[in-house]
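Since the structure comes first, as structure tokens, the remarks are kept for the end.
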Amino acid sequence: MLKATVAALTGALLLGAAVPALAKDKTIAVSWKTFQEERWKTDEAAIKAAVTAAGNKYVSTDAQGSAEKQAKDIEGLITQKVDVIVIVAYDSDAILPSIKAARDAGIKTMAYDVQFEDPSALYITFDNIGVGRLMAKEVQKVKPAGNYAFIKGDKGDPNATFLFKGIMEVLGDAIKAGKIKNSCETFTDGWKPDNAQKNMEQCLTSTGNKIDAVVSENDGMASGVVAALKAQGMDGSVAVSGQDGDLAAINRVALGTQTVSIWKDATQLGKKAGELANMIADGTAIDKLPGVTKFNLGKKGVEMNSILLEPTTITKDTLDVAIKAGHITKEKACAGVKAGSVKACG
Amino acid sequence: MTQSTETRSEPALAQEGVVTRFLRATEIDTRLLGMVGALILISVCFHFAGILRTGNGVFLSPRNLWILLVQTSSIAVMTTGMVLIIVMRHIDLSVGSLLGVIAVIMGYAQVYVLGPWLGVGHPAIWIITILIGLSAGALLGGFHGYLIAYAGIPSFIVTLGGLIVWRGAAWAIIRGETVAPMDETFELLGGGPLDASIKATGSWILGIIVCVVIVLALYFGRKSRQKFNFPLRPMWAETFLGIVGCGITLGTVLLVNSYYFPPKLANEYAERYNIPIPEDGFLLSKGFAIPVLIAAAAAIVMTFVATRTRFGRYVYAIGGNPEAAELAGINTKRITLIMFSIMGVLAAISACISSARLNAASNALGQFDELYVIAATVIGGTSLAGGVGTIYGAILGALVMQSLQSGMTLLNFDSAYKDMAVGSVLVFAVWLDQIYRRRAN
Amino acid sequence: MTTTTTAHTSSTINAFADGRQPLVEMRDISIAFGGIKAVDHASLELYKGEVVALLGHNGAGKSTLIKILSGAYQRDHGDIYIRGEKASIDNPRDAKRYGIETIYQTLALADNVDAAANLFLGRELRTAWGTLDDVAMEAATREVMGRLNPNFRRFKEPVKKLSGGQRQSVAIARAIHFNANILIMDEPTAALGPQETQQVADLTLELKKQGIGIFLISHDIHDVFDLADRVAVMKNGRIVGTARVEDVSKDEVLGMIILGKCPPGAIPGPGALSS
């Protein structure tokens, strides 16, 4: 069956050399690093939907958390002469020889969510610095001036610093101008909610509760922050940020105890990747794709064509986005919410 | 230096210093005094460092000390069991992961099972949840104990495995999601909500009860020794112990009562219970927080178990000489199994406190707690060689560690320096203890 | 050959037999550890008010044989009779129920707790509430220690702080407090000075007078020869022979210990040199 398909495809390709490429009957392959993690199922469903909607064929392999298996998987996909390989790399260095082999065979590659540094590939991911920026923006909208607390992630995780960079891009000027005061700033061991709670309690103690906004770098820590604020009766009146789109956090947003959760919607990323793969398969040059930018913030600083998606901002007003996307049920999102206080909850 | 060796000889007894005579008469553990001294020193240092740095010292404020007690309670509960585990020459590396998985089980039960089934806010939810948590703790801990005692696998390995397994299980149950919010009554166990502390009156009543118990204990202790014509403590020493015990108790009551709710919450409370609000504002004392009371109860119960029951006697005997205990006819395997089961229950109690305090259960809850629990226990004078250790010491150790961490956070130290300080204090404390033991022998 | 010897031993020669029933009778006991026969078909008996010295080199099997009697080891083969009745001794608690008390070579004290806790270890006195009755235990300890070692005052200290003799007296106190009728003393004087050794000897005779049967285990014949009524010698896990002390000389007993040679005054066992 597979052989027959491959033969047919090969035939089609040979014909295609003479006739202009059609949007139909291309094969898009995805090499997953592992299906052990629940989240990739969401991505896969979105990619598959986008690919088949365009009349193309979706194939996939699962490297089962092994760099060697992934290299063999890609080798097999090259033999099958698929049109585009979307790769979630298990090891972003070990994958490079496979990428070169694909390039030599004239197959286009995409780095999905995990970057590998090969200039011929397209890198598609959420804009991580943007997450920090978005959090800060939403908090600043609610509290343009006052005392800010910054609950940063684990000091050993580059993402924590990365996020903080984005946050400071937005708030830096206001801090310099003296409108915003940096009252507490602390890393949180292991991104742990209970540590965030302790840090927040200490922050409130040392400032005598004079805190107007808390920029917490994720939703888990935001739960600790809100618990600390609640003990002082300040929950709901202090702006609190977070990210991940945790179900509990979305509920806090509905309840008004958290201002914003930045949500990286896997469906959105998968859909976009599927659409781009279709376009690449049809022969659109990677650097001519709509919205493509140059990205060189990787480990080695290799410049790559990339698509950086803007994550979704979930606030009281945009709550329905997460519900409509099927990320959370209305029941869960609106648990305990007073009727009429939030539009999406009715 | 040379003097101290000479004091052992007979004539020196007459010129025995006032301090030595005092310690001998009151039978106060000098190591305990050292710990308390260290705690006071740390507090005062942080307080004045705060004054120097920001102009106002907050460390010794009732508010900070109250929060400090609440923050210590979860670790403190687990240290009471870890002392006995280490005394028995075992170790339990799994307590943090046990806490995590039990918190997740209880969170799952409340939010996804009991809530929909009984209706959110049903008064039985918190009771069923706690029962589920405690049984899970007893079962998982008992399972570890079984593998250690009957299958003969070293406790280090069994609980190292447990550390990894249960953390994974916690993730698997809720797929990495955070479960929230907890049942409203259950949340009281964390000390956050308005009703989660016993206010001024409750604290005074409790304080007075404790005082009466202290005096009665001293009285009956003396009476029963009199009955057998045993040597007695001098009367002044008994009085001194009574006064100090009551003084500390009532002083603590005074402390927790001088931390007031923020006005907004106080007014909310007044409204809820129809208390008229006076014109110059309503002052509502916090009093003892429920998690602190739970920790105190755990400490009292475990001290009782350790010193007043056969089980506790056997735990110490096994730690002192396992072979002798076996030859004396003690069923050491059973004691080991029960002890690990108790440790599981204590981890479950801590899981209640932690998840209630956070008002959420996440699979990261309790991560690295095993290290803090073991460190607190060792700082508190428990010997890793087994046989020696006290529960009050371990709780003081937990307080020392939490004071360091919270004090440095108040001063806005980077968490890297906090880690360095806590690690150094651990090694330093054990070194001091070694010196003390060598002198004592 | 073996059977006739056994019959011989228990009926005719032993002056303590007198047609009386033995207090303890160990018949044909064997135990092996990893294929090595630590005790090999050993039979031995003890009568009321008798002191039997069990002699032999280190590793001859004496401590192992005696640990089977005290319940610390479980035999592979053989039976134990107490006052003529077959006894089932599978652990130390069983042995104590039969009135068998043991003072181990290592003393088997929990070093980190005090004298009273050690004395009552495994048999604590409890109050009506089920809690430890420390005061009563201390009182009993003071009483029994007062008899053994009147100068002893350190009731509140962990026993590791005590001297060798004091620790020894705690171990002995533990054995005699519970009205033992069979006492096993494994190298009781190994760690003691001459004065303390004499104390133990006096105590042994005192207990013997009370009708207690005593097994005295030693690798040194001089420690026990004057105290014992009878000697039994073991070598390589087997009984070389038994003899009343008046029937053999010290040198002959030494010959039994070292060479396994059974003198005419002794009843040969299965371990005797068959020349």
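The values are calculated or read from the model by the stated rules, or taken from the named source; none is laboratory data. These figures come from a predicted structure and were not determined experimentally. As a convention, Cβ positions derive from the backbone with ideal geometry for all residues, glycine included, and neighbour counts pool all protein chains shown.
For (1) within 29 Å of residue C:117 (Cα to Cα); (2) surrounded by fewer than 24 Cβ atoms within 10 Å (Cβ to Cβ); (3) more than 18 Å from the chain's Cα centre (by Cα), each residue gets a yes or a no:
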| residue | (1), (2), (3) |
| --- | --- |
| B:294 | no, yes, no |
| B:300 | yes, yes, no |
| B:320 | yes, no, yes |
| B:358 | no, no, yes |
| B:392 | yes, yes, no |
Check: Taking the range A:159-206, which residues are outside any helix (DSSP H, G or I), of a type outside the set (Val, Ile, Thr) and either touching a residue at least 24 places away in the same chain (Cβ under 8 Å) or not assigned by TED's automatic domain parsing to the domain that holds residue A:144 (or both)?
Finding: A:179, A:181, A:182, A:183, A:184, A:185, A:187, A:192
Next item on the list: Working carefully through the options B:386, B:381, find the one that is in contact with a Lys or Arg (Cβ under 8 Å, 6 or more places away or on another chain), surrounded by fewer than 24 Cβ atoms within 10 Å (Cβ to Cβ) and within 14 Å of chain C (Cβ to nearest Cβ).
Entry: B:386
Margin query: With the requirement that a residue be within 11 Å of another protein chain (Cβ to nearest Cβ) and either more than 23 Å from residue B:388 (Cα to Cα) or modelled with pLDDT of 90 or more (or both), what does the range C:142-159 give you?
Written below: C:142, C:143, C:158, C:159
Check: When you look at residue C:125, is it within 19 Å of residue C:203 (Cα to Cα) and either more than 7 Å from every other protein chain (Cβ to nearest Cβ) or out of contact with any Gly (no Cβ under 6 Å at 6 or more places or on another chain) (or both), yes or no?
Finding: no
Check: Is it true that residue A:215 is at pLDDT 95 or above and either surrounded by fewer than 23 Cβ atoms within 10 Å (Cβ to Cβ) or within 12 Å of another protein chain (Cβ to nearest Cβ) (or both)?
Finding: no
Note to self: within 14 Å of chain B (Cβ to nearest Cβ) and closer than 30 Å to residue B:368 by Cα: is that true of residue A:162 in this structure?
What the structure shows: no
Note to self: So for the range A:269-279 (the condition being small (Gly, Ala, Ser), in contact with a Gly (Cβ under 7 Å, 6 or more places away or on another chain) and crowded, with 16+ Cβ neighbours inside 10 Å), does at least one residue qualify?
What the structure shows: no
Next item on the list: Could you tell me whether residue A:197 is out of contact with any Ser or Thr (no Cβ under 6 Å at 6 or more places or on another chain), within 8 Å of chain B (Cβ to nearest Cβ) and closer than 27 Å to residue B:100 by Cβ?
Entry: yes
Checklist line | Wholly enclosed helices (runs of 4 or more DSSP H) of the range B:171-279 bearing at least 2 residues of a type outside the set (Lys, Arg) and within 14 Å of chain A (Cβ to nearest Cβ) | finding: B:263-272
Check: If you check C:139, C:87, which single one turns out to be within 13 Å of chain B (Cβ to nearest Cβ) and out of contact with any Cys (no Cβ under 8 Å at 6 or more places or on another chain)?
Finding: C:139
Checklist line | Residue in the range C:175-196 that is within 14 Å of another protein chain (Cβ to nearest Cβ), out of contact with any Phe, Trp or Tyr (no Cβ under 7 Å at 6 or more places or on another chain), among the charged types (D, E, K, R) and surrounded by fewer than 20 Cβ atoms within 10 Å (Cβ to Cβ) present | finding: no
Check: Which residues, taken from the range C:90-122, are among the hydroxyl-bearing types (Ser, Thr, Tyr), within 11 Å of another protein chain (Cβ to nearest Cβ) and either touching a residue at least 40 places away in the same chain (Cβ under 8 Å) or buried (at least 17 other Cβ atoms within 10 Å of the Cβ) (or both)?
Finding: C:102, C:104
Item checked: Whichever residue in the range B:1-46 is surrounded by 10 or more Cβ atoms within 10 Å (Cβ to Cβ) and polar (S, T, N, Q) and, among such residues, is modelled with the lowest pLDDT -> B:7
Check: For residue B:58, are the conditions met, namely being of a type in the set (A, V, I, L, M), modelled with pLDDT under 95 and either in a loop (DSSP other than H, G, I, E, B) or over 20 Å from the mean Cα position of the chain (by Cα) (or both)?
Finding: yes
